[in-house]
């Protein structure tokens with residue numbers, strides 16, 4: 001650890017102590033199906049309960065390798081045309097699905113009062129890079145086309161996602177900036193994203209062990225995903241002409257990915273993009289899915305959503 005010891009919130013300390021006491025092998029040391037199931041099971045212990053919504057509906061859309069499962073969330077049964085949030089879940093491109101981020105999607109839909117469409121993109125190692133960005137782009141373009149199955153007419157898109165989904169948020173936004181969809185982007189919302197190669201970052205060294213997401217787990221995710229090191233759809237920091245849409249980007253102060261998010265926010269700011277950057281001091285990677293175990297993470301999540309509302313008011317009053 002460089003410099004002084006970092007500040008760790010009391011509720012974060014309590015969760016980390018509980019996980020240490022529980023023990024068990026890390027995800028990369030168990031069979032893949034067990035790791036995926038364990039991720040979902042852990043969510044039931046640490047994540048807040050889902051919000052009640054008027055609409056929670058499973059859909060599918062055409063994709064490059066077959067139908068892509070989606071889930072529509074909306075606080076309103078019927079809605080006038082407006083923006084739609086596209087949500088891409090985290091999990092290192094290897095774990096996670098519609099269920100792992102179900103409660104979070106209900107929270108976003110309820111608090112933003114906008115429809116949310118979650119994308120169940122293909123996972124590595126069965127479907128390595130670029131399957132995930134291909135699916136996310138295809139699903140986003142399908143929603144932009146205003147299909148009857150959606151039941152809501154989109155007027156704009158808000159790509160949003162956490163961790164690996166934060167990467168997919170940026171990558172999808174960049175793809176839509178280069179080749180626009182049927183409706184424009186309103187903003188992008190990467191949550192503690194991986195935007196660059198991280199192993200040389202100070203945060204990667206400082207928080208490699210003991211803060212939930214470990215360096216060894218990240219290396220295992222990287223091996224499964226097999227993203228091309230020089231491809232902008234793997235590391236969007238390499239993109240010379242990124243999407244210059246209004247951006248709300250957040251990181252966690254105790255996250256090995258923190259510096260990657262910091263650098264991407266700085267890149268966009270340097271290009272003149274309107275960016276709200278939030279770094280949640282004393283919190284860890286994955287906090288938006290830990291809101292029962294880390295009560296202060298609920299306020300962090302609401303602060304993130306408040307920043308989204310403020311960005312919307314500035315650009316789309």
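The values are calculated or read from the model by the stated rules, or taken from the named source; none is laboratory data. Keep in mind the model is a prediction, meaning the values are calculated, not measured. Every residue, glycine among them, receives a Cβ derived from its backbone with ideal geometry; neighbour counts consider all protein chains shown.
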| message | Let me spell it out: the conditions are (1) closer than 15 Å to residue 167 by Cβ; (2) surrounded by fewer than 16 Cβ atoms within 10 Å (Cβ to Cβ), and residue 178 meets all of them except one. Which number is the exception? | response | (1)
| request: Go through 139, 118 for me and flag whichever is in contact with a strand residue (DSSP E or B) (Cβ under 9 Å, 6 or more places away or on another chain), outside any helix (DSSP H, G or I) and either farther than 28 Å from residue 77 by Cβ or modelled with pLDDT of 95 or more (or both). | output: 118
| said: So if I check each of 173, 127, 110, which one is over 17 Å from the mean Cα position of the chain (by Cα), at pLDDT 95 or above and either part of a helix (DSSP H, G or I) or under 22 Å from residue 267 (Cβ atoms) (or both)? | reply: 110
| note | Those residues of the stretch 232-277 which are more than 23 Å from residue 306 (Cβ to Cβ) and either without any contact (Cβ under 8 Å) to a residue 24 or more places away in the chain or assigned to a helix (DSSP H, G or I) (or both) amount to 236, 237, 238, 240, 259, 260, 263, 267, 270
| query | Considering 291, 258, 233, which residue is over 16 Å from residue 187 (Cβ atoms), touching a strand residue (DSSP E or B) at 6+ places or on another chain (Cβ under 8 Å) and buried (at least 22 other Cβ atoms within 10 Å of the Cβ)? | reply | 258
| query | Do you know which residues across the stretch 61-84 are over 19 Å from residue 132 (Cα atoms) and part of a loop (DSSP other than H, G, I, E, B)? | reply | 75, 76, 77, 78, 79, 80, 81
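Residues in the stretch 89-106: is at least one farther than 27 Å from residue 225 by Cβ, out of contact with any helix residue (DSSP H, G or I) (no Cβ under 6 Å at 6 or more places or on another chain), surrounded by 17 or more Cβ atoms within 10 Å (Cβ to Cβ) and at pLDDT 95 or above?
Here is the first cut: in the stretch 89-106, the residues farther than 27 Å from residue 225 by Cβ are 106.
Pick out the ones that are also out of contact with any helix residue (DSSP H, G or I) (no Cβ under 6 Å at 6 or more places or on another chain) and you get 106.
Okay, now just the ones that are also surrounded by 17 or more Cβ atoms within 10 Å (Cβ to Cβ), so 106.
With the extra rule that they be at pLDDT 95 or above, the set shrinks to 106.
Yes, that holds for at least one residue.
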| said: Could you check the stretch 148-170 and list, in sequence order, the residues that are more than 10 Å from the chain's Cα centre (by Cα) and not in a helix (DSSP H, G or I)? | reply: 151, 152, 153, 154, 155, 156, 157, 158
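Taking the conditions exactly as written (exposed (fewer than 14 other Cβ atoms within 10 Å of the Cβ) and part of a strand (DSSP E or B)), does residue 58 satisfy them or not?
yes
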| request: Can you run down the residue pairs with Cβ atoms below 6 Å, 6 or more apart or on separate chains, where the first is in the stretch 78-96 and in contact (Cβ under 8 Å) with a residue 60 or more places away in the chain and the partner is surrounded by fewer than 17 Cβ atoms within 10 Å (Cβ to Cβ)? | output: 81/153; 81/155; 82/155
| request: Test residue 219 against the criterion of being more than 30 Å from residue 4 (Cβ to Cβ), out of contact with any strand residue (DSSP E or B) (no Cβ under 7 Å at 6 or more places or on another chain) and surrounded by fewer than 24 Cβ atoms within 10 Å (Cβ to Cβ), and give yes or no. | output: no
| field | Matching residues in the stretch 276-286 - criterion: being more than 20 Å from residue 5 (Cβ to Cβ) and in contact with a strand residue (DSSP E or B) (Cβ under 7 Å, 6 or more places away or on another chain) | value | 276, 277, 278
| Can you name the residue in the stretch 25-51 that is touching a residue at least 24 places away in the same chain (Cβ under 8 Å) and assigned to a loop (DSSP other than H, G, I, E, B) and is also farthest from the chain's Cα centre (by Cα) among such residues? | 26
| request: Give me a count of the residues in the stretch 97-107 that are in contact (Cβ under 8 Å) with a residue 60 or more places away in the chain and in a helix (DSSP H, G or I). | output: 3
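Given the structure, is residue 180 assigned to a loop (DSSP other than H, G, I, E, B), touching a helix residue (DSSP H, G or I) at 6+ places or on another chain (Cβ under 7 Å) and modelled with pLDDT of 95 or more?
no
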| field | Those residues of the stretch 145-184 which are under 18 Å from residue 114 (Cα atoms) and without any contact (Cβ under 8 Å) to a residue 40 or more places away in the chain, in sequence order | value | 145, 146, 148, 183, 184
